Amino acid sequence: MNAIPLAIAVGAGAFALLATAVVRRIMREGKHAQQRSSEQVASLRALVDDYEALLSSTGEVTIVWSGRATPKFFGPASSILPAGRRVEGVLDFASWLSPTDAEALAQRVADLRAGGQGFDLLFTARDGRQMRAMGWALGGRIALRLRPTLYQPGDRVPNRGDDLERVIGTLPDPVVLFGPGGKVVFANAAYQALARSTQGTPSEIADANGLELVSLDLPVGKAAYLRVRPGTATAPIPAPAPDGLAHLSAIIDALATPIAIFNAGRELVQCNRAYAQLWRLDPKWLRQGMDERAILDKLRTDGMLPAEPDYQAWRARHLQSYTLKTPRESDPWHLPDGRTVQVISAPAGPKGGVIYVFEDITDQLKLKSQHRTQLDVQRSTLNALNEGVAVFGTNGRLTLANPRLSTLWRLPTNLLDTNPHIDQIVEAVARALPEDGAILWRDLKRSIVDLNPTRTDTHGRITRADGKMLDYAITRLPDGQTMMTFVDVTESANYQNVLKERNEALVTADRLKDAFVQNVSYELRSPLTNIIGFADLLASEAAGPLTDKQKSYTDYIRASSVTLGVLIDNILDLATVDAGIAQMRPEPQDVPALIEKAKAGLAATFPDIDGEEPLNIEIDIPEELPVLYADGTRIVQILYNLLSTAARFTEPGGKVRLSVIPRGERMIFTVEDDGTQMTDEMRAALSDRSDAAATSARHRGAGLGLAIVRSFVHLHGGTISVERREPRGSRVVVSLPLAAALTTAAE
């Protein structure tokens with residue numbers, strides 16, 4: 001019985017050991033499988049990188065769409081777009097094609113992406129180049145290839161015969177090309193070397209040198225080459241030039257890039273015209289076999305080499321190019337004449353020597369410097385702006401931004417430095433503004449990713465949940481990118497709202513004031529009429545005789561009632577002017593008659609009262625006055641208020657003087673008094689209507705009267721001024737145009 005538990009324990013232990021071994025084996029195999037998968041993925045990625053590098057090195061641009069993902073671009077933008085443009089700008093067809101061609105290509109691309117309809121079209125770009133556009137479907141992907149055609153308008157289409165001559169010229173064996181009638185039209189350098197030693201036809205030259213002439217029929221003519229007859233030993237064909245480089249002479253000389261070839265002995269073997277032009281050397285002086293050191297010495301003498309303190313050491317470093325095994329690009333040479341030259345040295349062949357390729361990069365460096373300066377200025381300008389600026393490429397990535405954008409939207413600065421995709425910005429804004437940040441930027445994103453060539457610029461205002469108000473503008477740039485600007489208008493908008501509310505309150509208060517003034521004025525007229533009537537009844541003694549004191553009191557009541565009536569009329573007139581409904585009735589006026597009416601009103605306001613000396617009023621009017629076109633009622637009110645104001649500031653028995661003088665096309669009214677000088681409040685009433693606080697009962701109502709004068713004078717298009725008189729008194733001058741009332745009424 002005791003053996004059974006022991007057997008179970010042994011079996012369990014054996015099973016555990018076996019399971020552990022199996023698990024370890026599975027884990028080991030899993031690691032090997034994972035390692036193989038990683039190697040396969042790395043291999044595939046390397047293969048993809050090779051394919052992408054191959055596509056990018058061609059003179060064309062290829063765009064590949066995979067579903068709704070961002071398209072991938074392969075190839076240099078310079079093959080399609082002007083220099084400095086980003087490759088994403090090729091999708092902005094209208095920027096490099098005519099409107100008709102751009103619309104047609106956009107429609108074909110849309111059909112390709114929607115239904116997989118391939119196409120192969122030719123277009124003419126804005127710069128005149130012929131362009132070819134090919135679109136096709138790749139399973140679940142769509143591809144578009146754009147490239148210039150092989151031959152452009154205006155180019156001379158190469159002759160197939162020219163191509164054949166070019167090929168024949170590079171062959172080491174003697175070859176000739178025959179034209180019509182069997183005439184030799186071209187021979188390569190090897191054949192020319194034979195022809196110089198042996199004269200005759202190709203057949204005769206072949207026989208003389210123990211060679212065999214083999215004829216070939218070509219599509220563009222007939223050719224023949226010379227070869228050694230089978231089983232025949234003959235002298236080797238003479239080489240056309242040392243090192244076998246002569247067959248490159250024509251090609252090198254035709255290049256615009258300066259090139260010079262030296263053999264292992266530093267002797268000049270070949271150079272082209274561009275080399276002589278670069279260093280400004282006489283081609284007759286620059287002959288084959290010259291030592292490079294002699295050429296360098298002449299260039300130094302002519303001031304064409306970099307200014308080096310130790311020329312011999314510099315030349316020795318340069319001549320180390322003869323020991324190179326691989327091409328080398330040296331530091332740029334900064335020449336005394338301001339040019340900068342880049343030098344590339346490469347081995348000339350197995351026998352030694354060096355090939356120099358020179359490139360004048362002066363303009364290139366200048367453009368880079370200008371571009372760098374422009375970028376620095378642009379960045380400094382953007383950083384100093386109070387507006388937040390963001391520029392997105394056609395792939396939806398941020399290409400340019402300023403710190404203000406980070407401040408307005410609470411974005412991390414390190415995020416903007418990584419050129420994030422707009423989706424990353426949406427996520428960052430959503431974290432910073434959880435209430436509505438994501439919603440606002442999703443709406444903005446639609447304008448960024450929209451590649452429709454007919455889209456337009458947009459602008460508007462954003463009101464955020466945190467109370468911020470931002471004015472934004474989305475502008476499409478010429479290179480296909482999109483610029484967004486944001487301006488914080490929170491304070492100005494709030495201030496505008498406050499001003500609007502305050503203005504509405506002021507308008508309402510002014511309306512209530514006008515209604516109150518009119519209602520009160522009309523309500524005061526009824527009791528005032530009763531007071532004036534009873535005062536006149538008492539003064540007539542119809543109700544019984546009055547004592548002297550009673551008569552004096554009655555005169556005061558009548559004078560005060562008249563003054564109160566004038567004040568009520570002034571209040572109503574001011575309300576009419578403020579409401580903008582005052583009407584002018586211009587007529588030819590008799591100025592002396594108007595003055596008499598004003599004096600009569602003044603006499604009613606300041607009656608002769610027992611015990612007081614009467615007011616002395618002097619009137620100075622010329623015998624002949626020009627016609628004054630004005631509203632007579634308003635002029636009487638102007639004169640009355642000027643005289644009554646002067647009378648209030650003049651002691652009983654004092655003198656008030658009114659003079660009228662015509663001056664050009666204007667009439668001048670001057671009122672002078674010898675009383676106390678007018679207060680600052682009274683002066684303010686003539687320039688800006690305000691409440692003039694009276695300092696005594698005698699001055700009461702003067703401020704309102706002067707406000708009436710100011711309003712009616714301006715209504716006639718005139719001016720008013722106040723001056724101090726010495727030693728006492730004031731002078732008020734009113735200048736009215738003779739016919740301004742007619743013009744005002746006509747308007």
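Where a number appears in this text, it was derived from the coordinates with a stated rule and is not lab data. What you are looking at is a predicted structure, and each value in this text was computed from that prediction instead of being measured. Quick reminder, even Gly has a Cβ in these numbers, built from the backbone with ideal geometry, and neighbours come from all protein chains shown.
Name all residues of the stretch 111-127 having a backbone nitrogen under 19 Å from the label point set 7 Å from the Cα of Thr149 along its Cα→Cβ direction, giving them as ranges. Inside the label zone: 119-127.
Calculated FRET efficiency, Val498 to Ala600, Cβ-Cβ distance, R0 = 51 Å: about 0.45 to the nearest 0.05.
Round to the nearest 0.05 the FRET efficiency obtained for Lys72 and Val489 when R0 = 45 Å and r is the Cβ-Cβ distance. Once the sixth-power term is evaluated, E becomes 0.65.
Calculate, for Thr201 and Leu171, the FRET efficiency according to 1/(1 + (r/R0)^6) with r their C-beta to C-beta distance and R0 30 Å; round to the nearest 0.05. The value I calculate is 0.90. Using a simple spin-label model with pseudo-atoms 7 Å out from Cα toward Cβ, Arg410 and Glu665 lie 6.6 nm apart. Taking the fewest neighbouring Cβ atoms within 10 Å as the starting point, the ordered list for Ser711, Ser730 is Ser711, Ser730. Of the chymotrypsin sites (Phe, Trp or Tyr not before Pro) in the stretch 268-303, the ones in a loop by DSSP (not H, G, I, E or B) with at most 13 other beta carbons within 10 Å are Trp285.
Taking label points 7 Å from Cα along the Cα-to-Cβ direction, Gln277 and Tyr311 give a separation of 2.8 nm. Per-residue Cβ neighbour counts within 10 Å put Met584, Met469, Met667 in the sequence Met469, Met584, Met667, beginning with the fewest.
By the rule of a C-alpha distance below 23 Å, with chain neighbours fewer than 8 residues away ignored, the lysines paired with Lys500 are Lys468, Lys513.
Counting charges near Glu387 (Lys, Arg +1; Asp, Glu -1) among other residues having Cβ under 11 Å from its Cβ returns a value of -1. Counted residue by residue at 0.36 nm each, then reduced by the alpha carbon distance between them, the extension gain from Thr399 to Glu624 reaches 72.6 nm.
Look at Thr373, Thr399 and count the other Cβ atoms within 10 Å of each Cβ; fewest to most, that gives Thr373, Thr399. Restricting the trypsin sites (Lys or Arg not before Pro) of the stretch 282-329 to loop positions (DSSP other than H, G, I, E, B) with no more than 12 neighbouring Cβ atoms within 10 Å leaves Lys284, Arg287, Lys325. Distance between the 7 Å Cα→Cβ label points at Gln130 and Thr301: 5.3 nm.
Were the residues from Thr463 through Ala208 laid out at 0.36 nm apart, the gain over their Cα-Cα distance would be 82.0 nm. Under 16 Å of direct C-alpha separation, and excluding same-chain neighbours fewer than eight residues apart, Lys655 reaches these lysines: Lys599.
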